[in-house]
Structures are given as structure tokens and as C-alpha cells.
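Participant: My structure is below; once you've seen it, I'll send some questions.
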Amino acid sequence: MGDRHAHGQHQTHPQHQLHVQQRLHHDVGGLKSQKGPSASQILAIVTLLPVGGTLLCLAGITLVGTLIGLAVATPVFLLFSPVLVPATLTLGLAVAGFLTSGAFGITGLSSFSWILNYFRQGKSMVPESMEAAKRRVADAAAHLGQKTKDAGQTIQSKAQEGKEGTKTS
């Protein structure tokens, strides 16, 4: 059996050869027909890359501003104010700043992640998936808004308790 392969007597079926040639022609033709990114891919880059970059910049600016404000305001309130309300307001603003920074950062990173996955899959944007993406973004925004509102109400109630506690003392 080894002698047959050594002497080149291995036979292939003519239909199999035709099928292989057609498949090779189809694969090479498919490579030639791809001339570059599609219009939807270009639109995705043009819109999401600046949005993601802007949101990441806003996240960084918000974080730095929050840290500077916290560093400047905390000693001032501790030294010059015996009332707990300004300290509570400072902590509330710091928490709001960190939450805002985190929201901007997560949004920017998720848009970069979406771009990366979009190009890895090589799919064009279908209207159904756009609608689903819009619904997910709207749901996430509503959830974030509710969490922020809850945090604000908690801070406000603690500030009220601190204010009432200083009145009774």
C-alpha cells in the first residue's frame, strides 16, 4: 500500500476534483469581492469612537474634579463648621461625583467593547438589533437614574437626621 503512494498511483474521483476547484474558486472570489469596510461599519466607527472617547474624557475630568473638590472642601468644612450638614453635603456631592464618573466610564468602555465585538463578528447592523440596543440603553439609563435618585434621597434623609440631631443637642 505504501508502494502505491510512493509511485503516484493514488487515484481521486473526478467529481471530487471538480468540487475542490469550485470551492477554491468561490473562496478566492469571496476574498476579491471584499473591498473594505461597509458603510455601516464606517458609520459605527465615525459615531461611536468619538462618543466613547468623549465619555472617557468626561469620566476622567469628573473624577479629577471630584477628587480636587473633596480635597479642598473637606478640611474647610471640618475646621470651620461644627454642623454636620455641610459635611453630609460634601459626602453626598462626592458620592454623586464618583457615580457620575463611573457611569461615564462604563458607558465609554461599553461603546469601545461594542465596536470591538462588532468588527470581530463582521456583521452588518440590522434594524432589529439597533432597536434592541436602543431598548437596552434606555433600560440602563432608567436604572442608573433610579439608583442616583435613591442615593440622593438617602443622602437627603441623613442630612435631615443630622440637622434634627444638632437642633435637639
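The values are calculated or read from the model by the stated rules, or taken from the named source; none is laboratory data. The shown structure was predicted, so the numbers you read here are calculated from the model rather than taken from an experiment. Protein only, heavy atoms only, side chains kept; ligands, DNA and RNA dropped before computing areas. Shrake-Rupley method; radii C 1.70, N 1.55, O 1.52, S 1.80 Å.
Participant: At 0.36 nm per residue, minus the direct Cα-Cα distance, what do LEU144 and GLN160 gain on full extension? Give it in nm, one decimal, please. Write out the running numbers ahead of the final one.
Facilitator: Numbers: separation 16, 0.36 × 16 = 5.76 nm, distance 2.43 nm.
Additional length available on full extension: 3.3 nm.
Participant: Right, another one. With every protein chain kept in the model, how would you rank SER129, SER101 by accessible area, 1.4 Å probe, largest at the top? Could the numbers behind the result be given before it?
Facilitator: Details: SER129 45, SER101 15 Å².
Ranking SER129, SER101 by accessible area, largest first, yields SER129, SER101.
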